């Protein structure tokens with residue numbers, strides 16, 4: 001009588017991507033969600049690890065700025081390569097929006113606020129009396 005052996009379920013593949021490789025892919029324009037999905041990682045775990053480690057957090061911030069540069073450069077490519085104007089405009093707008101959110105100081109909407117207060121002499125006198 002032959003014995004049947006119970007075998008354990010195969011272990012899921014262990015992630016083979018390093019933090020440095022994740023950061024490089026982000027800097028090259030790939031989303032963290034796609035990187036995690038493609039490599040069997042939990043996105044929330046990676047985000048937590050990057051947020052709680054001071055060195056990784058700084059490197060992640062740099063990678064996101066590089067990603068914004070990548071998106072900004074891609075806007076030009078989309079404009080030049082678009083065969084359909086509406087689709088090209090949509091892609092450009094999406095990339096500009098993403099770049100503006102990732103690096104607002106560089107690519108965000110700039111608001112210029114100029115204020116001038118011109119109080120008449122009568123108003124100044126009135127304010128002086130109230131003070």
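Each value in this text was obtained by applying a stated rule to the coordinates, not by laboratory testing. Predicted model only: the values in this text are computed from it and were never measured. Cβ: placed from backbone, ideal geometry, glycine included. Neighbour counts: every protein chain shown.
Measuring r between the beta carbons of residue 115 and residue 93 and using R0 = 25 Å, the FRET efficiency lands at 0.20.
If a/c stays under 1.5 just call it rounded; otherwise compare a/b with b/c (prolate if a/b is bigger, oblate if not). Do that for segment 39-131, with a ≥ b ≥ c from the square roots of the Cα gyration tensor eigenvalues. Walk me through the numbers on the way to the answer.
Numbers: a/c = 4.40, a/b = 1.72, b/c = 2.56.
Oblate.
Neighbouring Cβ atoms within 10 Å as the yardstick, rank 17, 26 fewest first.
17, 26
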